[in-house]
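The values are calculated or read from the model by the stated rules, or taken from the named source; none is laboratory data. This one's a predicted model, so the numbers in the text were calculated from it and none came from an experiment. Every residue, glycine among them, receives a Cβ derived from its backbone with ideal geometry; neighbour counts consider all protein chains shown.
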Amino acid sequence: MINKVVSGAIEAIRDIEDGDTLMLGGFGLCGIPENCIAALVKKNVKNLTCISNNAGVDDFGIGLMLQQRQVKKMISSYVGENAEFERQLLSGELDVELIPQGTLATRCMAAGYGMPAIFTPAGVGTEVAEGKEVRNFNGKDYLMEYAFEADFAIVKAWKGDTAGNLIYRSTSRNFNPVMAMAGKVTIAEVEILVEAGELDPDQIHTPGVFVHRIFQGADYEKRIEQRTVRTKN
Amino acid sequence: MLDKNGIAKRIAKEIKDGYYVNLGIGIPTLVANYIPEGINVVLQSENGLLGMGPFPFEGEEDADLINAGKQTITTLPGSSVFDSALSFGMIRSQKIDLTILGAMEVSENGDIANWKIPGKMVKGMGGAMDLVASAKNIIVAMQHVNKAGESKLLPKCTLPLTGVHCIKKIVTELAVLDVLPEGGFQLIERAPGVSVDYIRNATSGRLLADDNTPEMHID
């Protein structure tokens with residue numbers, strides 16, 4: 001079995017350079033690669049283009065990279081939880097491309113499936129369609145949207161093995177599996193790393209072939225953005 | 001006139017046994033509280049969950065289990081989780097029977113605007129454009145007029161669009177209205193105590209209204 005294990009986040013991101021395009025898994029703060037983000041902040045690489053559904057909050061997630069002005073461009077579907085993001089956007093320091101969430105996910109998927117483009121009805125007749133090719137299939141209009149190209153995909157899984165196979169937990173799965181398939185280099189951080197052979201092949205969500213580097217992360221905060229509860233009565 | 005919970009209650013009556021339903025943020029979320037007893041309905045959350053349950057009990061929150069509003073939630077028996085591409089696959093291929101979402105404006109030909117106000121901070125469309133472009137049945141839950149007193153039911157939307165020719169039904173604090181395929185708002189029901197004239201005055205798009213339009217029953 002090919003061994004994909006690296007020592008930690010610092011080694012995993014060692015060759016990420018200024019100007020690279022990164023995919024970062026997660027939905028809100030759920031299922032984000034916390035260890036790799038911390039390492040990117042420490043390395044302080046600049047002028048990054050980040051493809052991620054959201055942009056973190058002021059003091060966590062991609063928000064930490066925004067604070068250091070490491071991000072040149074965000075490609076996201078919803079970015080409403082971050083005051084520093086708003087400041088940089090309004091001052092023109094940060095370029096933002098907002099795209100529909102399903103289009104974002106499916107452009108990742110297309111890259112991972114080796115398809116150059118997809119056709120989706122999302123955004124037809126809106127400003128999202130500006131400059132894009134429209135094709136009609138069976139009487140309905142669709143926009144042609146290209147597969148993403150990313151130098152690195154950085155994902156978070158629950159369990160992984162030394163061969164790079166990944167299992168996600170609950171809704172922290174979100175964008176992680178499609179991004180894992182889409183990076184030229186894919187880095188996976190996991191909460192629990194086991195030897196190849198210890199995971200049931202039937203239960204694996206991302207086959208190890210898509211993963212180039214894997215490590216067991218440490219000190220996961222797993223912050224909750226909207227803590228909503230009910231009381232027992 | 002209905003309050004937000006009244007709007008949610010009225011919309012809940014549109015949900016049928018066996019429906020898979022996607023609820024947007026705001027009033028649509030409240031609809032989950034009023035789903036009629038005795039019917040089986042599965043709630044979808046577009047980040048990647050079918051079978052969404054209520055909020056967890058205090059102390060039982062799971063950071064890995066959230067809905068599309070990033071709120072901690074629970075799962076119900078028979079639920080499943082999946083990635084976000086697959087989630088929008090089931091939306092695009094019309095496996096979701098009903099989508100309920102909020103709006104800033106709806107036009108008489110069924111266009112909807114609900115994601116962007118020029119000059120204000122734009123947060124993004126999230127999954128709204130995907131949902132309205134593909135859903136087979138969409139109900140809009142919203143206030144009939146905005147805070148400035150202007151109608152949100154218009155001949156043509158003034159704000160940037162989320163989707164075109166897609167809205168079929170609107171429930172507001174004043175009325176239930178269908179958007180006709182040929183254009184125009186057809187008044188279906190009045191909120192308790194609200195007159196047809198009052199609704200007519202609050203609707204800037206073309207309104208078709210029978211003077212005998214019935215009052216709605218929400219309880």
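Restricting attention to the range B:73-98, report how many residues are within 16 Å of B:M52 (Cα to Cα) and without any contact (Cβ under 8 Å) to a residue 40 or more places away in the chain.
12
Could you look through the range A:89-134, keep only residues that are on the phi > 0 side of the Ramachandran plot and within 10 Å of chain B (Cβ to nearest Cβ), and pick out the one that is farthest from the chain's Cα centre (by Cα)?
Selected residue: A:G125.
Filter the range B:74-98 down to the residues that are crowded, with 22+ Cβ neighbours inside 10 Å, out of contact with any Ser or Thr (no Cβ under 6 Å at 6 or more places or on another chain) and closer than 21 Å to A:R223 by Cβ and list them by number.
Across the range B:74-98, the qualifying residue is only B:S84.
If B:L101 satisfies every condition in (1) under 20 Å from B:I25 (Cα atoms); (2) without any contact (Cβ under 8 Å) to a residue 60 or more places away in the chain but one, which is the exception?
(2)
Applying the selection to the range A:223-233, what residues are facing another protein chain (nearest Cβ under 7 Å), part of a loop (DSSP other than H, G, I, E, B) and either surrounded by fewer than 10 Cβ atoms within 10 Å (Cβ to Cβ) or without any contact (Cβ under 8 Å) to a residue 24 or more places away in the chain (or both)?
A:R227, A:T228, A:V229, A:T231, A:K232
Quick one: in the range B:162-216, which of the residues that are polar (S, T, N, Q), in a loop (DSSP other than H, G, I, E, B) and out of contact with any helix residue (DSSP H, G or I) (no Cβ under 9 Å at 6 or more places or on another chain) is surrounded by the most Cβ atoms within 10 Å (Cβ to Cβ)? First the steps, then the outcome.
Filtering the range B:162-216 down to residues polar (S, T, N, Q) leaves B:162, B:172, B:186, B:195, B:201, B:203-204, B:212-213.
From the residues that got through so far, the ones that are in a loop (DSSP other than H, G, I, E, B) too are B:162, B:172, B:195, B:203-204, B:212-213.
Still in the running and out of contact with any helix residue (DSSP H, G or I) (no Cβ under 9 Å at 6 or more places or on another chain): B:195, B:203-204.
Numbers: B:S195: 12, B:T203: 23, B:S204: 18.
Restricting to residues being polar (S, T, N, Q), in a loop (DSSP other than H, G, I, E, B) and out of contact with any helix residue (DSSP H, G or I) (no Cβ under 9 Å at 6 or more places or on another chain), the top hit is B:T203.
Taking the range B:22-74, which residues are of a type in the set (G, A, S) and either closer than 19 Å to A:N53 by Cα or more than 9 Å from chain A (Cβ to nearest Cβ) (or both)?
Filtering the range B:22-74 for residues of a type in the set (G, A, S) gives B:24, B:26, B:32, B:38, B:45, B:48, B:51, B:53, B:59, B:63, B:68-69.
Listed by number, the residues that qualify are B:G24, B:G26, B:A32, B:G38, B:S45, B:G48, B:G51, B:G53, B:A63, B:A68, B:G69.
State whether one or more residues within the range A:44-63 are in a helix (DSSP H, G or I), at negative phi, surrounded by fewer than 20 Cβ atoms within 10 Å (Cβ to Cβ) and touching a residue at least 12 places away in the same chain (Cβ under 8 Å). Walk me through it before giving the result.
Restricting attention to the range A:44-63, the residues satisfying the condition of being in a helix (DSSP H, G or I) are A:62-63.
Add one more test, that the residue is at negative phi, and what stays is A:62-63.
Filter again for surrounded by fewer than 20 Cβ atoms within 10 Å (Cβ to Cβ), leaving none.
Taking every residue of the range A:44-63 in turn, none turns out to be in a helix (DSSP H, G or I), at negative phi, surrounded by fewer than 20 Cβ atoms within 10 Å (Cβ to Cβ) and touching a residue at least 12 places away in the same chain (Cβ under 8 Å).
Any residue at all in the range B:59-78 that is β-branched (V, I, T) and within 16 Å of the chain's Cα centre (by Cα)?
So the first thing to find is which residues in the range B:59-78 are β-branched (V, I, T), and the list is B:66, B:72-75.
Next cut, within 16 Å of the chain's Cα centre (by Cα) only: none.
Looking through the range B:59-78, none of the residues is β-branched (V, I, T) and within 16 Å of the chain's Cα centre (by Cα).
So, of the residues in the range A:144-168 that are without any contact (Cβ under 8 Å) to a residue 40 or more places away in the chain and either in contact with an Asp or Glu (Cβ under 8 Å, 6 or more places away or on another chain) or not hydrophobic (A, V, I, L, M, F, W, C) (or both), which turns out to be nearest to A:T106 (Cα to Cα)? Don't jump to the end; show me each part of the working.
Here is the first cut: in the range A:144-168, the residues without any contact (Cβ under 8 Å) to a residue 40 or more places away in the chain are A:144, A:146, A:158, A:167.
Checking the rest, the ones that are also either in contact with an Asp or Glu (Cβ under 8 Å, 6 or more places away or on another chain) or not hydrophobic (A, V, I, L, M, F, W, C) (or both) come to A:144, A:146, A:158.
Values: A:M144: 12, A:Y146: 10, A:W158: 23 Å.
Step by step, filter the range A:144-168, then rank; the result is A:Y146.
Of all the strands (runs of 3 or more DSSP E) wholly in the range A:136-199, which have at least 1 residues that are within 14 Å of chain B (Cβ to nearest Cβ) and at pLDDT below 95? I'd like the intermediate steps shown before the answer.
Values: elements: A:140-146, A:150-161, A:183-194.
Once the strands (runs of 3 or more DSSP E) in the range A:136-199 are filtered for at least 1 residues that are within 14 Å of chain B (Cβ to nearest Cβ) and at pLDDT below 95, nothing remains.
For the range B:75-94, what are the residues that are more than 7 Å from chain A (Cβ to nearest Cβ), farther than 23 Å from A:K159 by Cβ and hydrophobic (A, V, I, L, M, F, W, C)?
Result: B:L76, B:M90.
Quick check on A:K4: is it under 28 Å from A:V194 (Cβ atoms) and either within 13 Å of chain B (Cβ to nearest Cβ) or touching a strand residue (DSSP E or B) at 6+ places or on another chain (Cβ under 9 Å) (or both)?
Values: under 28 Å from A:V194 (Cβ atoms): yes; either within 13 Å of chain B (Cβ to nearest Cβ) or touching a strand residue (DSSP E or B) at 6+ places or on another chain (Cβ under 9 Å) (or both): yes.
In short, yes.
Taking the range B:128-154, which residues are among the hydrophobic types (A, V, I, L, M, F, W, C) and in a loop (DSSP other than H, G, I, E, B)?
Within the range B:128-154, the first condition is being among the hydrophobic types (A, V, I, L, M, F, W, C), and the residues that meet it are B:128-129, B:131-133, B:135, B:138-142, B:145, B:148, B:153-154.
Within the range B:128-154, B:A135, B:M142, B:A148 qualify.
Please count how many residues of the range B:24-64 are part of a loop (DSSP other than H, G, I, E, B) and of a type outside the set (S, T, N, Q). If you could, list the steps in order and put the result at the bottom.
Initial filter on the range B:24-64 (part of a loop (DSSP other than H, G, I, E, B)): B:24-26, B:35-41, B:46-48, B:53-56, B:58-64.
So of that shortlist, the ones also of a type outside the set (S, T, N, Q) come out as B:24-26, B:35-39, B:41, B:46, B:48, B:53-56, B:58-64.
Of the residues in that region, 22 qualify.
Could you check, for the range A:66-86, whether at least one of its residues is surrounded by fewer than 22 Cβ atoms within 10 Å (Cβ to Cβ), within 12 Å of another protein chain (Cβ to nearest Cβ) and part of a loop (DSSP other than H, G, I, E, B)? Don't jump to the end; show me each part of the working.
At the first step, the residues of the range A:66-86 found to be surrounded by fewer than 22 Cβ atoms within 10 Å (Cβ to Cβ) are A:67-70, A:72-73, A:75, A:80-81, A:83-84, A:86.
Subsequent filtering for residues that are within 12 Å of another protein chain (Cβ to nearest Cβ) retains A:75, A:80-81, A:83, A:86.
Remaining after also requiring part of a loop (DSSP other than H, G, I, E, B): A:80-81.
Looking through the range A:66-86, at least one residue is surrounded by fewer than 22 Cβ atoms within 10 Å (Cβ to Cβ), within 12 Å of another protein chain (Cβ to nearest Cβ) and part of a loop (DSSP other than H, G, I, E, B).
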